[in-house]
Amino acid sequence: MKARKIKENIYWMGAVDWDRRLFDSLIPLPDGTSYNSYLIKGSEKTVLLDSVDPQMADVLMSQLENVPHIDYIIAHHAEQDHSGTIPQVLEKYPNVKVIASPKGKGMLIDHLLIPEEKFMTVEDGETLSLGNKTLEFIHTPWVHWPETMVTYLREDKILFTCDFFGSHLATSDLYVTDEGRVYEAAKRYYAEIMMPFRTVIRKNLEKLKSRKIDLIAPSHGPMYDKPSFIVEAYNDWVSEIPKNEVVIPYISMHGSTKKMVEYLVSALAEKGITVHQFDLSVTDLGKLAIALVDAATIVIGTPTVHVGPHPAIHYAAHLANALRPKLRFASVIGSYGWSSKAIEQIAGMIPNLKVEILEPVLARGYPKEADFKALDRLADTIGEKHREHGLF
Ligand code: FEO
């Protein structure tokens, strides 16, 4: 794709990666992604904001063919999907200075071996004049690395945010056109990499409040010409108040655990509780991460394999523990053949979750009447707990 004009002397550049399906060899990208760079031509200085993933360096370099000179490249974030083509940009423009936060400078030297003399570091709140345009650098750590910052273009009221507010979404639209689709992609992105840092992200959101923002320009996905859409969504996601929702990741080998899950889902739904059920043998873990953003309760469903939980549960429990969602309650249900340590083992896998453990339900073999009654009691307890916490 060619560079595209946003406003006079401000351009979108970068690459749309329609076909990428995995990020960090870990995160599913069902809708592809984009690596957005931006070019601002001031009356005296020209600046490029972020670069692109090195796999698509040729796209950015071809867009820069018509740009004879740049003075600065801003590296908001040292991760390679935005910084990886900076060395090539520096080869083309040997006098360019790389602008980064002090932490960002160290990380760019570590990861990309950029020589130290190429850098100009900026402190929180520092400004840079491009002549008729002024850039303000705002440190916004932990979205999602410690060095991250954003840039506010004062005269045009544009906030360039890199990963912050981004969405893994390949699209030919410069701006959000389908809010539902972007909401899900942005929530997935938040859930997968930013949720563990929501306390500091809350502070970053507070910090940005005083600026009048007409346009948010992230480095993944479309731009937000109605910024309140994504800012309000983030305010909701980072709040510590969960919703009246239960997440049930489970796996079943011979149908017993599945039967218990289905029974519990029905019992919870009858009480007016929203339930998200995920069969881990087929689910996209990004969907599970999205559901964990809001849920008050997690119930893990597992059969017993070699005395402990099924291996797929280890992965899901590790994910939930690492993402540190705002869960308040947890429980375990499932079946076993002759003995089980599944509950103790799962409890040991989620030390980061500050949850109250609710009475688990383990059935020997296929669930029987007493097991279904125990599931009814668990559903009652979840309902009572949610009500006590004012969730419905
Ligand atoms: Fe889009 Fe953290 O890189």
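The values are calculated or read from the model by the stated rules, or taken from the named source; none is laboratory data. Since we're looking at a predicted model, the values are computed, not measured. Methodologically, a virtual Cβ is constructed for each residue, glycine included, from the backbone with ideal geometry; neighbour enumeration extends over all protein chains shown. Heads up: the accessible areas ignore ligands, DNA and RNA and are worked out on the full protein's heavy atoms, side chains in. Shrake-Rupley method; radii C 1.70, N 1.55, O 1.52, S 1.80 Å.
Just so you know, in segment 140-156 the residues that are assigned to a strand (DSSP E or B) and more than 16 Å from the ligand (Cβ to nearest atom) include one that is farthest from residue 198 (Cα to Cα), and it is 153. Residues that are of a type in the set (Lys, Arg), open to solvent by less than 40 Å² (accessible area, probe 1.4 Å) and modelled with pLDDT under 95 number at least 3 in none of the helices (runs of 4 or more DSSP H) confined to segment 290-392. In segment 29-60, of all residues being more than 16 Å from the ligand (Cβ to nearest atom) and under 23 Å from residue 104 (Cα atoms), the one that is surrounded by the fewest Cβ atoms within 10 Å (Cβ to Cβ) corresponds to 45. Of all residues in segment 157-181, those that are within 15 Å of residue 49 (Cβ to Cβ) have Cβ atoms under 7 Å from Cβ atoms of residues that are within 16 Å of the ligand (Cβ to nearest atom) and among the charged types (D, E, K, R), 6 or more apart or on another chain, in 162/50.
Do you know which residues across segment 1-31 are of a type in the set (A, V, I, L, M), more than 27 Å from residue 66 (Cβ to Cβ) and in contact (Cβ under 8 Å) with a residue 40 or more places away in the chain? Those that are of a type in the set (A, V, I, L, M), more than 27 Å from residue 66 (Cβ to Cβ) and in contact (Cβ under 8 Å) with a residue 40 or more places away in the chain: 27, 29.
From the residues in segment 122-139 that are outside any loop (DSSP other than H, G, I, E, B) and closer than 15 Å to residue 47 by Cα, which one is nearest to the ligand (Cβ to nearest atom)? Filtering segment 122-139 for residues that are outside any loop (DSSP other than H, G, I, E, B) and closer than 15 Å to residue 47 by Cα, the one nearest to the ligand (Cβ to nearest atom) comes out as 137. Of the residues screened, residue 25 is one that is in a loop (DSSP other than H, G, I, E, B), out of contact with any strand residue (DSSP E or B) (no Cβ under 8 Å at 6 or more places or on another chain) and within 16 Å of the ligand (Cβ to nearest atom).
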